[in-house]
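The values are calculated or read from the model by the stated rules, or taken from the named source; none is laboratory data. Being a predicted model, the structure only gives us computed values, none of them experimental. Positions of Cβ are generated from backbone atoms using ideal geometry, with glycine treated the same way; all protein chains shown enter the neighbour counts.
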Amino acid sequence: MRLVHHDVGDCSVRRYYITDSARSFVMLRKKPSVSVVIRTRNMESRLSELLLGLSRQTLRPSEVVVVDNFSGEGTLQKMTGFLSSAKTRFFKDQTAVKLVPVPDSEFSHAYSTNAGILFSEGELVCITNGHSLPFSKTWLESGVAHFRDPEVAGVGGYSTPHTDGTVWEKLAYRWSWKEFNEISRMYAKDSYFSTMNCVLRRALWEEYPFDEKLPDEIPLSSRFGGEDYDWATEMLARRHKIVVEPMFCVYHSHGDGLSVLASKYIVWRRIRKRIATLSRPRESFTKIRFSKPRYFDL
């Protein structure tokens with residue numbers, strides 16, 4: 001195993017933000033490079049299955065970046081060994097694998113996503129988490145296909161519960177939401193965009209990273225997120241497109257009961273409504289412009 005540790009200083013971080021906005025409108029190559037950023041909380045039970053699923057995609061990612069919100073060095077060592085083994089076992093050492101540790105004291109949904117994208121190198125970045133699984137072998141290809149249109153900033157996809165999801169999750173997410181939107185074709189007018197399952201154009205993230213100060217304006221977002229919806233809303237305000245692709249879908253659920261689902265729905269509605277009132281265009285903030293995150297090449 002070759003383990004290379006990197007500390008990134010201010011100058012090298014800033015280069016990610018000195019960009020030519022025209023890059024956002026350049027047509028991608030026929031086979032664009034795609035990085036997959038996976039956010040995890042320690043070692044998640046479905047992570048091995050997720051990596052296996054990525055290795056079997058019709059469009060193989062050029063690299064996998066795992067952002068691990070860890071609680072200590074022991075957990076970090078365990079994750080390092082696991083990913084090193086997975087790189088050989090699943091990807092035959094043909095796909096780069098990186099690990100970005102984020103201490104609990106530094107964690108936020110926006111920061112962990114920004115840190116992962118910072119160390120990715122693909123023209124496109126697919127973002128998911130360690131307990132989501134691709135719906136099919138063409139999952140990644142289905143999402144990336146829309147970027148042939150230079151006006152597309154991001155592609156979002158729905159989710160459907162895991163087989164062990166609760167009946168309430170299946171009613172809410174699959175039958176009342178996903179299936180309804182697909183049958184009615186309402187997805188064609190939807191702007192749903194979640195870092196649970198999305199692809200974005202890296203050049204536009206460089207212009208507007210996920211806003212880590214969003215909780216200053218919307219306190220509920222510190223726990224429940226919303227920076228992804230803010231990003232999509234900002235892209236639309238800048239006259240880019242957000243696309244929802246039904247074939248770009250993941251299995252995702254938490255085992256929530258009816259009361260938990262109802263409370264989450266109410267909170268998410270409040271957050272989305274508040275985000276919609278923010279003046280546009282706006283600027284976002286990220287600590288990676290000033291801090292020194294680290295990552296490991298495995």
Problem - Unmet criterion (only one of (1) charged (D, E, K, R); (2) surrounded by 15 or more Cβ atoms within 10 Å (Cβ to Cβ); (3) at pLDDT below 95) for Arg269 - result: (2)
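Having 3 or more residues that are farther than 22 Å from Arg41 by Cα is the bar; report the helices (runs of 4 or more DSSP H) wholly within the stretch 151-248 that clear it.
Details: elements: 179-184, 202-207, 214-217, 221-224, 227-237.
Because the criterion is at least 3 residues that are farther than 22 Å from Arg41 by Cα, the helices (runs of 4 or more DSSP H) in the stretch 151-248 that meet it are 179-184, 202-207, 227-237.
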Exercise for the section: Give just the number: which of (1) in contact with a Leu (Cβ under 7 Å, 6 or more places away or on another chain); (2) without any contact (Cβ under 8 Å) to a residue 40 or more places away in the chain does Thr277 not satisfy? Expected result: (1)
Practice task
Return only the number of the condition from (1) surrounded by fewer than 20 Cβ atoms within 10 Å (Cβ to Cβ); (2) basic (Lys, Arg); (3) within 27 Å of Asp164 (Cβ to Cβ); (4) in contact (Cβ under 8 Å) with a residue 12 or more places away in the chain that Arg60 does not satisfy.
Solution key: (3)
Exercise for the section: Exactly one condition in (1) part of a loop (DSSP other than H, G, I, E, B); (2) of a type in the set (S, T, N, Q); (3) free of Cβ contacts under 8 Å to residues at least 12 places away in the same chain is not met by Ser253; state its number. Expected result: (3)
Exercise for the section: Collect the residues in the stretch 168-223 that are over 20 Å from Arg269 (Cα atoms), of a type in the set (A, V, I, L, M) and either touching a Gly at 6+ places or on another chain (Cβ under 8 Å) or in contact (Cβ under 8 Å) with a residue 60 or more places away in the chain (or both), keeping them in residue-number order. Expected result: Val199, Leu200, Ala203, Leu204
Exercise for the section: Using the structure shown, decide if Arg294 is surrounded by fewer than 16 Cβ atoms within 10 Å (Cβ to Cβ) and either of a type outside the set (Val, Ile, Thr) or more than 21 Å from the chain's Cα centre (by Cα) (or both). Expected result: yes
Fill in the blank from the handout: If we ask which residues in the stretch 49-70 are modelled with pLDDT of 95 or more and of a type in the set (D, E, K, R), their number turns out to be 3
Exercise for the section: Considering only residues that are closer than 21 Å to Ser71 by Cα and charged (D, E, K, R), look in the stretch 101-142 and name the one that is modelled with the lowest pLDDT. Expected result: Asp104
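Rundown of residues vs (1) surrounded by fewer than 21 Cβ atoms within 10 Å (Cβ to Cβ); (2) among the hydroxyl-bearing types (Ser, Thr, Tyr); (3) farther than 25 Å from Lys137 by Cβ; (4) touching an Asp or Glu at 6+ places or on another chain (Cβ under 9 Å), yes/no style:
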residue	(1), (2), (3), (4)
Thr166	yes, yes, yes, yes
Glu169	no, no, no, yes
Trp177	yes, no, no, no
Met186	yes, no, yes, no
Glu206	yes, no, yes, no
Thr233	yes, yes, yes, no
Arg239	yes, no, yes, yes
Val243	no, no, no, yes
